[in-house]
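The values are calculated or read from the model by the stated rules, or taken from the named source; none is laboratory data. Only a predicted model underlies this, so the values are computations on that prediction, with no experimental measurement involved. Cβ: placed from backbone, ideal geometry, glycine included. Neighbour counts: every protein chain shown. Heads up: the accessible areas ignore ligands, DNA and RNA and are worked out on the full protein's heavy atoms, side chains in. Shrake-Rupley method; radii C 1.70, N 1.55, O 1.52, S 1.80 Å.
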Amino acid sequence: MAKPLKHVFVCVQRRPEGHPRGACSQRACDEVLNAFLGEVQQRKLFDKIAVTNTGCLGPCGFGVSVLVYPEGVMYGRVTANDVTAIIDEHLLGNNPVERLRVPPFVWS
Ligand code: FES
């Protein structure tokens, strides 16, 4: 297995209806995950990009949350329509998509 250049974690956390933190599952996280998996497969990027579904990444209020390593860039309010831009600009182009980054205080 090739070591990926980028590793994408997509939050698919579920919580009961009415939970005070909400959850990315209430914002179509499965569509975001499937968009990443589909594009990686379609474009044969397996040797460059790994995609993993994960539990809560922390900033639930900004879900759907997506975290990219090795840079540690956290994206928020990601939709399936944003996935192509993240792949092209960040994962392949090494330029994070600034409009999708969570506010700096999330990492404080
Ligand atoms: S539920 Fe997705 S970041 Fe917390």
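Close contacts from region 84-108, counting a first residue that is within 22 Å of Pro59 (Cα to Cα) and modelled with pLDDT of 95 or more and a second that is part of a loop (DSSP other than H, G, I, E, B) and among the hydrophobic types (A, V, I, L, M, F, W, C), with Cβ to Cβ under 8 Å and a gap of 6+ residues or different chains, come to Ala85/Val97; Ile86/Val78; Ile86/Val97; Ile87/Leu45; His90/Val97; Leu91/Leu5; Leu91/Leu45; Leu100/Val78. Annotation: Leu45 fulfils all but one of (1) within 16 Å of the ligand (Cβ to nearest atom); (2) touching a helix residue (DSSP H, G or I) at 6+ places or on another chain (Cβ under 8 Å); the unmet one is (1). What pairs come out if I take residues in region 10-25 that are closer than 21 Å to Val68 by Cα and pair them with residues that are more than 9 Å from the ligand (Cβ to nearest atom) and not hydrophobic (A, V, I, L, M, F, W, C) whose C-beta lies under 6 Å away, six or more apart or interchain? Partner pairs satisfying both residue conditions: Val10/Asn53; Val12/Asn53.
From the list Pro4, Pro20, pick out the single residue that is of a type outside the set (S, T, N, Q) and in contact with a strand residue (DSSP E or B) (Cβ under 7 Å, 6 or more places away or on another chain).
On the way: Pro20 fails: in contact with a strand residue (DSSP E or B) (Cβ under 7 Å, 6 or more places away or on another chain).
When all the criteria are applied, what remains is Pro4.
The listed residues are Leu57, Leu37, and the only one of them that is part of a helix (DSSP H, G or I), among the aliphatic types (A, V, I, L, M) and modelled with pLDDT of 95 or more turns out to be Leu37.
When only residues in region 11-22 that are at negative phi and near the ligand (Cβ under 9 Å from one of its atoms) count, which is least open to solvent (accessible area, probe 1.4 Å)?
The initial filter retains those residues of region 11-22 that are at negative phi, namely 11-17, 19-21.
If we keep only those that are near the ligand (Cβ under 9 Å from one of its atoms) too, we end up with 11-15, 21.
Details: Cys11: 3, Val12: 25, Gln13: 53, Arg14: 133, Arg15: 47, Arg21: 115 Å².
Among them, the one singled out is Cys11.
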